[in-house]
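Structure record follows, encoded as structure tokens.
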Amino acid sequence: MSTNERWAAPASQSLRPGPGFRISEVDTGGTPGWRGDKDDAEDHLAARATRLSDLQELLYAHGRAGGTRSVLLVLQGMDTSGKGGIVRHVVGLVDPQGVQHTSFGVPTPVEREHHYLWRIRNALPSPGQLGVFDRSHYEDVLVVRVHELVPADVWEPRYDEINAFEEQVVAAGTVIVKVALLVSLDEQRERLRERLERPDKYWKYNPGDLDERSRWDAYQETYQAVLDRTSTDTAPWHVVPADKKWFARLAVTELLTEALESLDLGWPPPDFDVDAEKARLAAMRP
């Protein structure tokens, strides 16, 4: 079986939540759509890494030549769901000069003075760039809702507002790849425990993670609302089971590859006389 045949259907189809989707029914240790094991995934990734890198270089060249297209990867998930690992092991496969990475934390005082989408607009990828949001505008209907930072009549309209915003971004030439990384409560416990037992992982541990863990059910409810209200044809969500790190990385690699392929870009033509430049080069001293 070839690597392409390992997917029963394109990852963008296999991982997209359908009608009646319930987050509580997701097997976070599953590998939906993948017809293989971890070893097969490693072989597939080796092949896809080259393809992903080539496609990203094509996008970068397109931007340098005045093109308008870009790709935005939005990563959302509970603590320890593997967002950082995706950035290192998937986004790390491509040329960093073509990547714009933004990690959204608690809004700064300056950011609080503006509309919540202000900082998001400022971080959108430039033409030719692969943008990566580690957390995103969805924090304003997730954390804000769970912690009751604003009343319901403030966060409730944001679902429609976000949909309209993403439609504008897509219309301007950006393909949005939204990924919800779902990890189980048990797996999260193990990953937190590892951070507390390994000195080289202490820096990743945040005592506040346990406070968020205590709100697990509330977060599941808010994630369900996000998937129900903001998975659109223009910018659909993809639900990626994340208990198996290798599968999460495999899935996001495939989603990004599909997104870049969908741009159907060609190499930009030269803006100079190729034959004349060859002649000039040949005439120069060795």
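The values are calculated or read from the model by the stated rules, or taken from the named source; none is laboratory data. Values in this document were obtained by computation on a predicted structure and should not be read as measured data. Ideal geometry is used to build each Cβ from the backbone, glycine not excepted, and the neighbour counts take in all protein chains shown. Heads up: the accessible areas ignore ligands, DNA and RNA and are worked out on the full protein's heavy atoms, side chains in. Shrake-Rupley method; radii C 1.70, N 1.55, O 1.52, S 1.80 Å.
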Just need a number here: residues in segment 115-142 that are surrounded by 13 or more Cβ atoms within 10 Å (Cβ to Cβ) and out of contact with any strand residue (DSSP E or B) (no Cβ under 6 Å at 6 or more places or on another chain).
14
Restricting attention to segment 17-37, which residues are closer than 18 Å to LYS244 by Cα and open to solvent by 80 Å² or more (accessible area, probe 1.4 Å)?
SER24, GLU25, ASP27, ARG35
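Matching residues to (1) open to solvent by 50 Å² or more (accessible area, probe 1.4 Å); (2) in a helix (DSSP H, G or I):
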site: ALA225; (1), (2): no, yes
site: THR232; (1), (2): no, no
site: VAL252; (1), (2): no, yes
site: ASP264; (1), (2): yes, no
site: PRO269; (1), (2): yes, no
site: ASP275; (1), (2): yes, yes
How about segment 143-209: which helices (runs of 4 or more DSSP H) wholly inside it have at least 2 residues that are buried (at least 17 other Cβ atoms within 10 Å of the Cβ)?
143-146, 158-171, 185-197
Go through (1) at positive phi; (2) out of contact with any Ser or Thr (no Cβ under 8 Å at 6 or more places or on another chain) one by one and return the number of the condition PRO157 breaks.
(1)
Show the residue pairs that are 6+ apart or on different chains and have beta-carbon atoms under 8 Å apart, the first residue being within segment 104-131 and at negative phi and without any contact (Cβ under 8 Å) to a residue 24 or more places away in the chain, the second being part of a loop (DSSP other than H, G, I, E, B) and open to solvent by 40 Å² or more (accessible area, probe 1.4 Å).
ARG119/PRO107
Segment 4-16 - residue that is open to solvent by less than 50 Å² (accessible area, probe 1.4 Å) and in a loop (DSSP other than H, G, I, E, B) and, of those, modelled with the lowest pLDDT
ALA9
